[in-house]
Amino acid sequence: MASAEHGKKLRILLIPFFATSHIGPHTDLAVRLAAASPDAVEPTIAVTPANVAVVRAALERHGSSAVSSAVKIATYLFPDVDGLPPGLENLTAAGGDAWRIDESLTRPMQEALIRELSPDAIVTDIHFFWNSIVAAELGVSCVTFNVVGPFSMLAMRHLGGTIDGDEVIIPGFPEPEIRIPRTELPEFMNHPQTQDQYIPCWTAPCFGLVFNTFFDMEQQYCEMYARYGYAKRAYFVGPVSLPLPPAGATAGASSCISWLGSMPRCSVVYVCFGTYASISDDQLRELALGLEASGKPFLWVLRADGWAPPAGWEERVGKRGILVRGWAPQTEILSHSSIGAFLTHCGSSSLLEAAAAGVPMLTWPLVFDQFIEERLVTDVLKIGERVWSGPRSTRYEEQVMVPAEAVARAVARFLEPGGAGEAARVRAQELAVKAHAAVVEGGSSHSDLRRLVNDLIEAKEAAADHGGALDYSTSS
């Protein structure tokens with residue numbers, strides 16, 4: 001095993017995209033790196049000042065261990081963006097103004113921070129492809145961390161430049177055949193001029209790719225990265241959120257967790273649409289009425305300032321449902337024995353957390369790659385079903401209203417004894433066993449994490465022996 005030269009720790013700088021759904025997994029990865037090689041690794045998370053609180057909250061979920069306290073935080077300035085007030089530096093908080101944020105504006109600040117800190121290695125978000133360029137100039141390794149899994153990344157890559165007709169079949173994929181209507185593809189894929197903005201993220205030279213997934217979840221697609229030469233090195237280290245934080249670690253979680261404790265096993269549908277995409281007030285009303293009409297217990301985490309449920313709704317629902325506004329401890333909720341299904345927007349981290357908890361899913365994708373991720377759940381792993389089978393679109397202005405009746409029908413049918421949800425739960429629980437096995441000593445993700453650390457240490461030593469030169473060549 002490689003070791004840090006002369007006992008000096010390998011200083012790794014992690015630079016996540018400025019969205020909570022990216023900052024959280026990067027922070028989890030930093031903790032995992034410190035835990036895998038505590039004597040060899042010194043991780044630092046680099047964010048803008050307003051996002052420091054997001055990092056600290058993620059660290060707190062790991063408790064007050066020596067490992068989590070070993071993760072340092074560095075900051076760089078967020079650029080001035082027309083139309084955004086000072087201090088608004090997170091896509092989650094920006095809401096409808098998120099489109100104003102051009103990530104490339106942060107490039108000079110990030111490059112300056114890298115040169116100032118002079119780390120031994122960089123872990124960069126896929127959005128910040130330029131960090132691999134400055135890393136090569138400095139003679140240090142740069143790996144790209146993907147919170148989106150291999151299935152979706154390969155689907156978008158294989159479809160690049162081949163969009164034609166109302167429905168596409170992803171070329172070069174193993175069985176099952178994956179079909180996607182054109183309206184459900186990320187918007188940039190339907191416009192060659194915007195594809196040019198994303199292609200550099202996929203083809204930028206880097207030391208390797210790191211994915212927040214585990215081999216048994218996306219085996220065929222993990223293997224494709226080596227087979228097609230898309231990455232010089234690939235590491236599958238997830239779920240980085242495991243092991244789960246201690247139960248009751250946060251005081252604010254007590255009310256919903258206590259309520260879950262009063263409900264029967266596998267009886268509750270957990271509803272959460274992540275931290276970014278917005279849902280119209282009218283759609284929220286239909287969702288509320290659908291959950292009420294389903295007759296099933298529900299825990300609904302809602303992030304919609306100013307929205308209120310229909311008059312009398314809370315009284316009619318009573319103790320059968322609970323509405324939580326703002327943040328909730330998702331990993332703790334999903335791991336609770338009373339959760340029977342997860343109604344989800346199909347964000348990559350949410351899907352992985354549900355799979356790790358053995359919870360089947362009702363899918364309701366909203367934007368970007370979520371419609372592709374849905375196929376991994378419904379078509380490949382078969383651990384979930386769609387809420388709505390009607391027309392759908394990734395474009396907010398083209399989204400069709402899902403009626404309350406459809407929500408009620410999907411929830412009731414999925415949770416009924418002996419139904420599709422029960423069969424999906426069996427498969428999800430089998431996958432959860434594999435997820436937990438992957439992250440313990442000797443598991444595939446733990447081994448890849450140690451391999452990543454060792455490879456970075458060896459690259460550092462090799463660069464020192466050769467005057468700072470690194471081999472960044474890779475096929476694309």
Condition set among the acidic types (D, E) and modelled with pLDDT of 90 or more, scope region 304-331, selection surrounded by the fewest Cβ atoms within 10 Å (Cβ to Cβ): answer is E315
Q. Is it the case that some residue within region 285-298 is of a type in the set (S, T, Y) and either in contact with a Ser or Thr (Cβ under 6 Å, 6 or more places away or on another chain) or more than 20 Å from G421 (Cα to Cα) (or both)?
A. no
Going through (1) touching a residue at least 24 places away in the same chain (Cβ under 8 Å); (2) surrounded by 14 or more Cβ atoms within 10 Å (Cβ to Cβ) one by one, R413 fails only at (1)
Requested in this report: Kindly indicate whether S294 is more than 21 Å from V407 (Cβ to Cβ) and of a type in the set (S, T, Y).
Outcome: no
> Could you say whether any residue in region 341-361 is surrounded by fewer than 22 Cβ atoms within 10 Å (Cβ to Cβ), of a type outside the set (G, A, S) and not in a loop (DSSP other than H, G, I, E, B)?
Replying inline: no
Exactly one of F128, F173 is closer than 25 Å to A462 by Cβ and crowded, with 17+ Cβ neighbours inside 10 Å, and that one is F128
Here the residues within region 119-135 that are modelled with pLDDT under 95 and either assigned to a loop (DSSP other than H, G, I, E, B) or not assigned by TED's automatic domain parsing to the domain that holds L13 (or both) are I126, H127, F128, F129
Worksheet item: For G261, are the conditions met, namely being at pLDDT below 95 and over 25 Å from S21 (Cβ atoms)?
Response: yes
Could you check, for region 100-120, whether at least one of its residues is within 19 Å of the chain's Cα centre (by Cα) and of a type outside the set (K, R)?
yes
Per the list (1) in a loop (DSSP other than H, G, I, E, B); (2) on the phi < 0 side of the Ramachandran plot; (3) modelled with pLDDT under 85, residue check on M189 breaks on (1)
Taking first residues from region 424-452 that are within 18 Å of F211 (Cα to Cα) and second residues anywhere that are in a helix (DSSP H, G or I) and among the β-branched types (V, I, T), the pairs with Cβ under 7 Å that are 6 or more apart or on different chains are S445/V439; H446/V439
Check your understanding: Do we find that A341 is modelled with pLDDT of 95 or more and under 16 Å from G384 (Cα atoms) in this structure?
Key -> yes
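The values are calculated or read from the model by the stated rules, or taken from the named source; none is laboratory data. A quick note: this is a predicted structure, and the numbers were derived from the prediction, not measured. Please note: Cβ atoms are built from the backbone with ideal geometry, for glycine as well, and neighbour counts cover all protein chains shown.
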